[in-house]
1. Excluding ligands and nucleic acids, what accessible area in Å² is computed for V166 using a 1.4 Å probe, to the nearest 10?
2. List the residues, sorted by chain then number, that are 5 or more residues from N97 or on another chain and whose placed amide H is less than 5 Å from its amide H.
3. Hey, what number do you get for the chain at 222 nm if only DSSP H runs of n ≥ 4 count, each worth -39500 (n - 2.57), divided across all residues, to the nearest 500?
4. Find the accessible area per residue for region 97-157; the probe is 1.4 Å, ligands and nucleic acids are left out, and the unit is Å².
5. Hey, any idea what the orientation-averaged projected area of the convex hull of the chain's Cα atoms comes to, in nm²?
6. Where nothing but the Cβ of Lys and Arg (+1) and of Asp and Glu (-1) is charged, how large is the charge dipole of region 85-138 around its Cα centre, in debye to the nearest 20?
7. For region 12-144, which whole percent of the accessible surface, found with a 1.4 angstrom probe, sits on carbon and sulfur atoms?
8. In terms of Cα to Cα distance under 24 Å, which lysines are near enough to K58, apart from those fewer than 8 places away along the same chain?
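The values are calculated or read from the model by the stated rules, or taken from the named source; none is laboratory data. No experiment lies behind these values; they were computed from the predicted model shown. Please note: Cβ atoms are built from the backbone with ideal geometry, for glycine as well, and neighbour counts cover all protein chains shown. Just so you know, the surface numbers come from the protein's heavy atoms only, side chains and all, with ligands and any DNA or RNA stripped out. Shrake-Rupley method; radii C 1.70, N 1.55, O 1.52, S 1.80 Å.
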Amino acid sequence: MQSFDNLFKGVIFDLDGTLVSSSLDFKALKQAVGCPLDQDILAFVRLLPKTRSTEAHKIITRAEHLDAMSAEALTGALALLDFLLLQQIPTAIVTRNSRRAAELKIERCKLPIDLIYSRDDGPAKPDPSCLLALAKAWHLPPQQIAYVGDHHYDVQAAKRAGMPSVLLTARRAYGEQHGASFIFKDLMALHRALPSISLCA
């Protein structure tokens with residue numbers, strides 16, 4: 001078994017569908033703000049006239065806050081985070097949620113993570129800016145930081161940042177990896193595999 005010194009030096013997580021449950025209905029949200037179903041809702045809202053954009057953001061934020069009230073930590077999340085904490089591996093969250101919604105979910109689910117980058121803190125994924133900001137803050141090269149998520153935006157953001165990506169597939173019917181560096185069913189499978197994953201894999 002390899003030493004953890006040979007593994008990732010930092011781990012960044014997506015939030016919804018990765019660490020916590022989410023019941024957000026994106027189809028209904030898109031309809032509420034007039035976004036075509038085949039477009040990214042945040043990108044669409046950003047291009048709206050100011051008044052419409054402001055109102056659309058209020059609709060999205062209200063839905064996120066309501067979702068936060070029922071969020072639960074996904075199976076294996078706390079055990080994995082505790083393991084990384086014990087190994088002194090820095091962790092953070094990069095989410096497309098608003099900061100307040102992310103904080104509510106983290107508090108409700110008692111996740112031991114203090115460092116959060118939300119859409120209020122920088123461009124939303126798949127833009128890699130927040131991932132790169134964390135690498136700079138941790139004084140680590142991006143290739144030594146894993147980004148864990150459940151959506152192809154997470155894989156895209158990791159690629160653009162030069163980070164290995166870990167795709168979780170239990171909650172989505174993915175037929176392939178979207179080019180992910182690693183793919184696991186869920187957090188428990190990832191936790192079991194950590195001792196055997198090396199940077200040169």
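1. 10 Å²
2. Those qualifying (amide H under 5 Å, at least 5 residues apart or on another chain) are R119.
3. Details: 8 runs with 81 residues, N = 201.
Value at 222 nm, helices only: -12000 deg cm²/dmol.
4. Computed with neighbouring chains in place, this is 43 Å² per residue.
5. 10.8 nm²
6. 160 debye
7. So the carbon and sulfur contribution to the accessible surface is 56 percent.
8. K27, K30, K50, K105, K125
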